[in-house]
Number of protein chains: 2
Amino acid sequence: MQDSHTSETTQKTIEETIVSGILSARIRPGTRLSENQLATLFGVSRTRVREAMMRLETRGIVHVSPRRGWFVVEPSAEEAIAVYEARRVIEAGLLRSMRVLTGEGREALDAHLNEEKSAMAAGDRQRLTYLMGDFHIRIAELSGNAIIVDILRDLTARTILISMLYQSEFHAAQSHEGHCRIFQAMQAGDFGRAAELSVEHLDDVEMGLDLTARPDPLSELRSSLSLPPRTVSATVRPKNHKLQRSN
Amino acid sequence: MQDSHTSETTQKTIEETIVSGILSARIRPGTRLSENQLATLFGVSRTRVREAMMRLETRGIVHVSPRRGWFVVEPSAEEAIAVYEARRVIEAGLLRSMRVLTGEGREALDAHLNEEKSAMAAGDRQRLTYLMGDFHIRIAELSGNAIIVDILRDLTARTILISMLYQSEFHAAQSHEGHCRIFQAMQAGDFGRAAELSVEHLDDVEMGLDLTARPDPLSELRSSLSLPPRTVSATVRPKNHKLQRSN
DNA sequence: TGTGGCTATCTTGCATACAAGACAGAAAGC
DNA sequence: GCTTTCTGTCTTGTATGCAAGATAGCCACA
């Protein structure tokens, strides 16, 4: 989606900066996103920051606590399950709908898997997080369907936020192998098998989560008392250290 | 995701009013949505209208032509194909992921199919349009996955816009039968079959479109002169589809 | 008749002003 | 010491003002 309107450039940049920050695990769930700070950071007024926030909110990336602030979402356990379920449905459906793996497609995935391998060798965890999510986006790109790509990108972003909340350790090697298996099935032209493997792979990742480790240990009590949701960590927060999380 | 913040009520109403207007085919593709008019209509300032527009834009319902105005999207032929492809992928994946049809699920779908029948008898075309789209949303609701429901609702809205642009006549009876067949397969517990039928059904509907009847008869000239496009593109490759633009 | 250019008036783009809720921390009362 | 209340300052919510592009219509002129 190329836009020739320079006027929208900045706005898209705010959105994309945040999303790519999440995709590469540089922005943690619960991060406060102050309109003022973002405005000065991007050299625009709050108006445009708000517009970006609204968009991100409808994409499920960010939420607002009225008169308290914008925060990167902290998916609940239930939401986490829903995200994985949605990904299984869409990714399996996508693979099953594929008929051929083109030469460029093969090359793209092959190159990607090599990147994964080298990132593993280098122990570059942030890059690894990014690549592990990006694999699925690349598969979506093979379909050439921009709608599905956009959907899966946003779901992947949420997945990464979920990982940061609930994943105790990071089984990169296991994920990498899962990706390789999917790729092999695709190369063999067996997309039904690839779909099955994809479901298994997502199951594995989901299984590796500790969904009992809640982001907010008080959430049960809090909601039963119908108190406002908790304010969470502030990575960028110059003066007011009031709202900080303990980790 | 229900919100308890009354402050957002109005805003959501603007969004939902427009979406439900589309879902029931009361709002046509290309309709101009003036910020000022909507603002006075809803008794708010342009600010809030703009926010609603931004949200609708990220949902693919509306687009803005800079300094000219907001318009309900008029999907191009390529976008139309992409929407149907995405729906096939997601709906088939969804059905295939289902394991049981609960009693309430059966009742809900049965009730819905009866509504379709009575709307057909009454010849209520607008209501019929709404119901034909809503069937698929109801199936999504059976999954209990709010993410998938939201995605399919927006895709259904786009589908209806596509119908209004490209569908010469409305084969309600045919669609209704397709729905019944899907329902039967689900009742029989054969969700794989239901998925296949769903794909076929969407193929049928797509086949009934005349994608050569362009919404913008000048688009060829326009693009050959590389003037700004009338709708923003989603890059999609032409498939094995009938819509070959032969010249 | 047709063509170029001016202008009035639409439209959105964006910044800003002010209202008002939410909190933290100090002050006051017990 | 403990609670309560107040107050300053942070935050977002919303309206409004102005800038500037886009368009249509008019008019002059060839």
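Of note:
- Out of B:29, B:75, sole residue that is more than 14 Å from chain A (Cβ to nearest Cβ) and not in a helix (DSSP H, G or I): B:29
- Candidate set from the range A:144-168 (those that are over 15 Å from residue A:86 (Cβ atoms) and open to solvent by 20 Å² or more (accessible area, probe 1.4 Å)); member that is modelled with the lowest pLDDT: A:168
- Qualifying positions in the range B:60-114 - over 18 Å from residue B:205 (Cα atoms) and basic (Lys, Arg): B:67, B:68, B:96, B:99, B:106
- Residues of the range B:40-55 that are open to solvent by less than 70 Å² (accessible area, probe 1.4 Å) and at the interface with chain A (Cβ under 10 Å from one of its Cβ atoms): B:51, B:52, B:53, B:54, B:55.
- Residue count for the range A:22-33, restricted to those that are closer than 13 Å to residue A:133 by Cβ and among the small types (Gly, Ala, Ser): 2
- Among (1) within 15 Å of DNA strand C (Cβ to nearest atom); (2) out of contact with any Asp or Glu (no Cβ under 6 Å at 6 or more places or on another chain); (3) closer than 25 Å to residue A:61 by Cα, the one test that residue B:35 misses: (3)
- Considered as a group, the residues in the range A:78-118 that are more than 9 Å from chain B (Cβ to nearest Cβ) and free of Cβ contacts under 8 Å to residues at least 24 places away in the same chain include one that is surrounded by the most Cβ atoms within 10 Å (Cβ to Cβ), and that residue is A:115.
- Residue in the range B:10-24 that is at pLDDT below 95 and open to solvent by 50 Å² or more (accessible area, probe 1.4 Å) present: yes
- Within the set A:163, A:118, A:168, A:143, the sole residue that is among the hydroxyl-bearing types (Ser, Thr, Tyr) and within 14 Å of the chain's Cα centre (by Cα) turns out to be A:163.
- Boolean, residue A:193 is open to solvent by 50 Å² or more (accessible area, probe 1.4 Å) and over 14 Å from residue A:133 (Cα atoms): yes
- In the set B:131, B:113, B:109, B:101, only one residue is more than 16 Å from DNA strand D (Cβ to nearest atom), more than 24 Å from residue A:155 (Cβ to Cβ) and part of a loop (DSSP other than H, G, I, E, B); that residue is B:101.
- Single condition residue B:70 does not satisfy, out of (1) farther than 22 Å from residue B:177 by Cβ; (2) more than 12 Å from every other protein chain (Cβ to nearest Cβ); (3) open to solvent by 20 Å² or more (accessible area, probe 1.4 Å): (3)
- Restricting the range B:175-190 to residues that are over 14 Å from residue B:136 (Cα atoms) and among the aliphatic types (A, V, I, L, M), the residue that is surrounded by the most Cβ atoms within 10 Å (Cβ to Cβ): B:185
The values are calculated or read from the model by the stated rules, or taken from the named source; none is laboratory data. Everything numeric here is computed off the predicted structure, so don't read it as measured data. Glycine also receives a Cβ, built like all others from the backbone with ideal geometry; neighbour counts cover every protein chain displayed. The protein model used for the area step is the full one, side chains on, heavy atoms only, and it has no ligands, DNA or RNA in it. Shrake-Rupley method; radii C 1.70, N 1.55, O 1.52, S 1.80 Å.
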